[in-house]
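Q: One structure coming up, written as structure tokens, with questions to follow.
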Amino acid sequence: MSTDFFARISEFDPKISSATYRSVGGEDDGDVFDTAAVVVTAAIAAAAEAAAQCPTDGELSSTKRAIDAAATNAAEAVFAGTTAEINVTAGEGVRDASPGAQTGQVINRGGPAGRWDGIFDYVDGTTLAARSLAGALALGGLGQGFRPVPDLQAYAILAPVGALDGFDIMSSPEDHAAEALKRIADALDMKVTDLAVVTHSVNGHHHHAGLIERMSQCAGEVVVPPHVSVEPPYLLSLTGLSQPRVHALVGAIGLTELAFAAALLDLVAPHYEFVFRPASIAGQRREQGETLGPLFKFTDEEVGELAEAGWATDRQYLSSDIVPRGSAEAAAIFAVTENDALSLPQPARTGDKTVSSGLLLRPDRRVGRVTITRSA
């Protein structure tokens, strides 16, 4: 447990009255915490605390907006206290005109202490938080050389690096699912029938129904989240830091969530990578059905947004095209509501102090459990 962690992190948030770090993965480097690690931890802890304290007894859409606004304001207040410029390369909010980090946003423009690229989803699982359900997280990552992505989504498959040579996802997902799972199983030296695969929640629409049926015919287990999909716990199961253990993810994912996932993989699970192709939000909202075909029916506006950021609709990419290998410097994950998979309790208020719990992830698979106490 580092004695220096509190001294370093309290420089960036004077409301922090205590902070502890306990190494749970990788080699512990003693009391060395670089600025990126403590800044992103302080900001994401503040976001989680603010989101958790929002009332949740109102109408769903207004409650979600209030939660997003509180988390955004809290995180940006911490970032504004640094002297480094932060360029947001992945964030949510533009698509639905809701509060949040926004791709292209610059915090502390021209800051004298250098420059970071940032990936932020201040509340991943806002619906869960608004309904007081378990699983909502606050997420943020800092690094250098991240590639910007618009506020759209992707169709993606998480697979071992050894399975990616010749991997082709440009056909219908329902058509290539079986071959993709076989490649993953072969790379892991497993039987396909022993694979555990997580996919997208079908709550609110049924576009994944056909894919789920197809994968269920060959995989041992297909995990379908009951409400909304929050990916980091499944990714961290690859390193033994959460349960249940999964071997692959297949389905739709927001580009912001994919960017954060890419940062996590770069930091602690470089033996895995996502292969993905950009996907439409409008097409999925416009058309009903039980296939993922509408994911690839883009509006002219969506095509323009992707092209402006240098992405094409007719080719596939790797997650390292968003977060190049070795470019992530630190990422933080804090519970907004209780998270059993990561063994993180939701923020707890006692008097004028709130205790928040999270994970700090750094290069070379270094992971630590963090507890932050902040005064009102």
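The values are calculated or read from the model by the stated rules, or taken from the named source; none is laboratory data. None of the values given here were measured: they were computed from a predicted structure. Quick reminder, even Gly has a Cβ in these numbers, built from the backbone with ideal geometry, and neighbours come from all protein chains shown. We work out accessible area using only protein heavy atoms, side chains counted, and drop any ligands, DNA or RNA first. Shrake-Rupley method; radii C 1.70, N 1.55, O 1.52, S 1.80 Å.
Q: Just name the residue that is modelled with the lowest pLDDT out of those in the stretch 245-265 that are under 20 Å from A187 (Cβ atoms), open to solvent by 10 Å² or more (accessible area, probe 1.4 Å) and outside any strand (DSSP E or B).
A: R245
Q: Sticking with this one: Looking at S216, is it at pLDDT 95 or above, open to solvent by less than 30 Å² (accessible area, probe 1.4 Å) and of a type in the set (S, T, N, Q)?
A: Details: at pLDDT 95 or above: yes; open to solvent by less than 30 Å² (accessible area, probe 1.4 Å): no; of a type in the set (S, T, N, Q): yes.
Considered against the rule, which asks whether it is at pLDDT 95 or above, open to solvent by less than 30 Å² (accessible area, probe 1.4 Å) and of a type in the set (S, T, N, Q), S216 comes out as no.
Q: Further question: Just to be sure, is S201 buried (at least 21 other Cβ atoms within 10 Å of the Cβ) and modelled with pLDDT under 95? Before you say what the answer is, go through the steps one by one.
A: On the way: buried (at least 21 other Cβ atoms within 10 Å of the Cβ): no; modelled with pLDDT under 95: yes.
When the stated conditions are applied, S201 does not pass them.
Q: In addition: Answer yes if at least one residue in the stretch 108-123 is more than 21 Å from S327 (Cβ to Cβ), touching a residue at least 40 places away in the same chain (Cβ under 8 Å) and not hydroxyl-bearing (S, T, Y), and no otherwise. Write out each step before concluding.
A: First, pick out the residues of the stretch 108-123 that are more than 21 Å from S327 (Cβ to Cβ): 109-110, 112, 122-123.
So of that shortlist, the ones also touching a residue at least 40 places away in the same chain (Cβ under 8 Å) come out as 122-123.
Among the residues that remain, those that are also not hydroxyl-bearing (S, T, Y) are: 123.
There is at least one residue in the stretch 108-123 that is more than 21 Å from S327 (Cβ to Cβ), touching a residue at least 40 places away in the same chain (Cβ under 8 Å) and not hydroxyl-bearing (S, T, Y).
Q: Are any residues in the stretch 32-77 farther than 15 Å from I372 by Cβ, part of a helix (DSSP H, G or I) and among the aliphatic types (A, V, I, L, M), and if so, which ones?
A: First, the residues of the stretch 32-77 that are farther than 15 Å from I372 by Cβ: 32, 34-36, 54-70, 72-73, 76.
Going one step further and asking which of them are part of a helix (DSSP H, G or I), we end up with 35-36, 60-70, 72-73, 76.
Correct list: A36, L60, A66, I67, A69, A70.
Q: Only one residue in G283, G310, G358, G368 is assigned to a loop (DSSP other than H, G, I, E, B) and either surrounded by 23 or more Cβ atoms within 10 Å (Cβ to Cβ) or among the small types (G, A, S) (or both). Which one? Don't jump to the end; show me each part of the working.
A: Values: G283 fails: assigned to a loop (DSSP other than H, G, I, E, B); G358 fails: assigned to a loop (DSSP other than H, G, I, E, B); G368 fails: assigned to a loop (DSSP other than H, G, I, E, B).
Unique residue meeting the criteria: G310.
Q: Could you check, for the stretch 248-259, whether at least one of its residues is touching a His at 6+ places or on another chain (Cβ under 7 Å) and either under 23 Å from I119 (Cβ atoms) or not small (G, A, S) (or both)?
A: First, pick out the residues of the stretch 248-259 that are touching a His at 6+ places or on another chain (Cβ under 7 Å): 251-252.
Now restrict to residues that are either under 23 Å from I119 (Cβ atoms) or not small (G, A, S) (or both): 251-252.
Yes, the stretch 248-259 has at least one match.
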